[in-house]
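Below is one structure, written out as structure tokens, with a few remarks after it.
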Amino acid sequence: QVQLVESGGGLVQPGGSLRLSCAVSGSLFSFLAMAWYRQAPGKQRELVAAITSAGTTNYADSVKGRHTISRDNAKNTVSLQMNSLKPEDTAVYYCYTKIATRSHWGQGTQVTVSS
């Protein structure tokens, strides 16, 4: 059983930065592809960024050039550095991985971008 625990959300002004972290339990982390999703009120959950076990990344067009996903296999963590935040980045952000056919989600962390 793997557990994902997010941290780092909060309230930030437009143009500001936040760094989200996700701690992953267990010994499989270095083999796992990881991702960050977000869900805004009244909208579907959407992929923000993903990183493979080899470190290859991909991003939603809406965050390219502003957000950076990274991983630290020694610490079993995946992070999302969010810069130049916009009000439309406001959402609950979730850490995600999939092992075999089973999806694993964190509990989510709220990010609010507002002046």
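The values are calculated or read from the model by the stated rules, or taken from the named source; none is laboratory data. This structure is a prediction, so every number in the text was calculated from the model and none was measured. Here the Cβ is made from the backbone with ideal geometry for all residues, glycine too, and neighbour counts use every protein chain on show. The protein model used for the area step is the full one, side chains on, heavy atoms only, and it has no ligands, DNA or RNA in it. Shrake-Rupley method; radii C 1.70, N 1.55, O 1.52, S 1.80 Å.
Listed by first and then second residue, the pairs linking a residue in region 1-27 that is in contact (Cβ under 8 Å) with a residue 40 or more places away in the chain and within 15 Å of residue 110 (Cβ to Cβ) to a residue that is surrounded by 12 or more Cβ atoms within 10 Å (Cβ to Cβ) and of a type in the set (D, E, K, R), with Cβ atoms under 6 Å apart and 6 or more places separating them unless they lie on different chains, are 8/19; 22/6.
Does region 80-93 contain at least one residue that is under 14 Å from residue 113 (Cα atoms) and in contact with a helix residue (DSSP H, G or I) (Cβ under 8 Å, 6 or more places away or on another chain)? Yes, region 80-93 has at least one match.
Does residue 14 satisfy being under 24 Å from residue 114 (Cα atoms), at pLDDT below 95 and in contact with a strand residue (DSSP E or B) (Cβ under 9 Å, 6 or more places away or on another chain)? It would help to see each step written out before you state the result.
Details: under 24 Å from residue 114 (Cα atoms): yes; at pLDDT below 95: no; in contact with a strand residue (DSSP E or B) (Cβ under 9 Å, 6 or more places away or on another chain): yes.
When the stated conditions are applied, residue 14 does not pass them.
Looking only at region 90-105, filter to residues that are free of Cβ contacts under 8 Å to residues at least 40 places away in the same chain and not hydrophobic (A, V, I, L, M, F, W, C); which one of those is nearest to residue 20 (Cα to Cα)? Spell out how you get there, then give the answer.
Step one: filter region 90-105 for residues free of Cβ contacts under 8 Å to residues at least 40 places away in the same chain, giving 100-103.
Those left that are additionally not hydrophobic (A, V, I, L, M, F, W, C): 101-103.
On the way: 101: 26, 102: 23, 103: 20 Å.
Checked region 90-105; the qualifying residue nearest to residue 20 (Cα to Cα) is 103.
Screening residue 108 with (1) touching a His at 6+ places or on another chain (Cβ under 9 Å); (2) in contact (Cβ under 8 Å) with a residue 60 or more places away in the chain gives one miss only, at (1). Of the strands (runs of 3 or more DSSP E) lying entirely inside region 2-115, those containing at least 2 residues that are open to solvent by less than 40 Å² (accessible area, probe 1.4 Å) and not polar (S, T, N, Q) are 4-7, 10-12, 18-24, 34-39, 46-51, 67-72, 77-82, 91-99, 109-113. Quick check: is even one residue across region 24-36 farther than 24 Å from residue 100 by Cβ and of a type outside the set (S, T, N, Q)? Within region 24-36, not a single residue is farther than 24 Å from residue 100 by Cβ and of a type outside the set (S, T, N, Q). If you go through region 63-85 and keep only what is in contact (Cβ under 8 Å) with a residue 40 or more places away in the chain and among the β-branched types (Val, Ile, Thr), you end up with 77, 78.
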